[in-house]
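One structure below.
Read-outs throughout are calculated quantities, based only on the coordinates presented, and are distinct from any laboratory measurement. Just so it is clear, the model here is predicted, and its values are computed rather than measured. Here the Cβ is made from the backbone with ideal geometry for all residues, glycine too, and neighbour counts use every protein chain on show.
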Amino acid sequence: MISSHPLQPKLRRLHLSGMLYTLELRVEQATQEKLSPLEFLAVMLDDELERRDQNRIASQLQASGCNPSKSLSQFDFLSAPSVNRSYFTDLATCTFVQRHENVLLCGPTGVGKSHLVNALGIEALKHNFKVISKPTHRLLMDLNTAKAAGTYHRLMASILKCDLLILDDFGLQTLPSQAIQDLYEIICERYENGSILLTSNRALEEWGEVFEDDLLASAALDRLTHHSHTMVIQGESYRQLSRRKEALIKAKST
C-alpha cells in the first residue's frame, strides 16, 4: 500500500509523494536494465515532472472552462472537408498566442467551430498559457453579476490578463448596453496584449450590428480583425449528419 510505504513520510515532507505511484515499477526496471543510481534518479524525477505537468493541466483545464473531450485529435476532419487540418495543426503550436494574434472562425451552426477553438484552448494550456473559455453572452452576464457581488474589477482583470480568451457564439444573442460596453473594453484592452479566439454564426460584415453603434463597432472590429487569422467554415451541420447516420443504422438493423 502506498500509504504504508516506509518512504512515504519523507517523500511527503519533500512534496514528492507522487513518486510512490511508479516507485516499484522503476525499481524493477532499474534491476532489469541495470540502471546506475543517477539514471534511476533521473527516471524517477521525469515521472514526477510528468505527474506535476498532468496535474497542472488538469487543474487549469477545469478553471479555464475548456471541455477536455473536445481536443484536436478528437475532431472529425473527414466530416468537415472545408477545415484545413494542417492549418489548425500549425495553430496548435500556439505561436499566435505568443504574438498576441486573434483567430476568428465564422460559419453556420454545427460545422465544428466550437470544437476547434476548444481544442486550441487545450493546446494553449499544454504550452502553459492561461486560458479563459466561455460563450460570449455568458462571460458578459458573469461580469454583470460580478458588479452586484463587488467582484467586477477582479473578474475583468482576469479576463484582460489571460493569455488566450475564447469567446464562443459571438453575436448569437442581443446584448444589453452595459454588456456591449464591457465587450468593447475587453477587445480594446486586449488589442496587441493578448489573443482572442472567437466563433460566430454571423458573416464578418454583420459583426458590427452586435455593438448597435457604428463608431463603437468600427473601433472594436478594427482592433479585433487586425493581426488576426480569419477562416470561414462551410458545410452541413455535423450534428445533423450524425443524426441521419444513426437513423440509417437503426433502419438497417430493423
> Can you pull the Kirkwood radius for the chain, inverse mean 1/r over Cα pairs, to one decimal in Å?
Replying inline: 21.1 Å
> Quick one: Cα centre-to-centre distance for the stretch 160-228 and the stretch 12-27, in angstrom?
Replying inline: 48 Å
> Arranged by the count of other C-beta atoms within 10 angstrom, fewest first, what order do Y152, Y21 take?
Replying inline: Y21, Y152
>> Please give the charge dipole size of the chain, origin at the Cα centre, charges +1 on K and R Cβ atoms and -1 on D and E Cβ atoms. Round to the nearest 20 debye.
In response: 960 debye
>> Could you work out the relative contact order of the chain? I mean the mean sequence separation of Cα pairs under 8 Å and 6+ apart, divided by the number of residues, in percent.
In response: 23 percent
>> Filter K134/K161; K113/K134; K34/K126; K113/K147; K70/K161; K70/K134 down to the pairs with a C-alpha to C-alpha distance above 23 Å, please.
In response: K34/K126; K113/K147; K70/K161
> Tell me, C188, C94 in order of fewest to most beta-carbon neighbours within 10 Å?
Replying inline: C188, C94
> Which of T93, S64, L216 sits farthest toward the positive end of the charge dipole of the chain, with +1 on the Cβ of Lys and Arg and -1 on the Cβ of Asp and Glu?
Replying inline: S64
> By count of other Cβ within 10 Å, fewest leading, how are Y87, Y184 ordered?
Replying inline: Y87, Y184
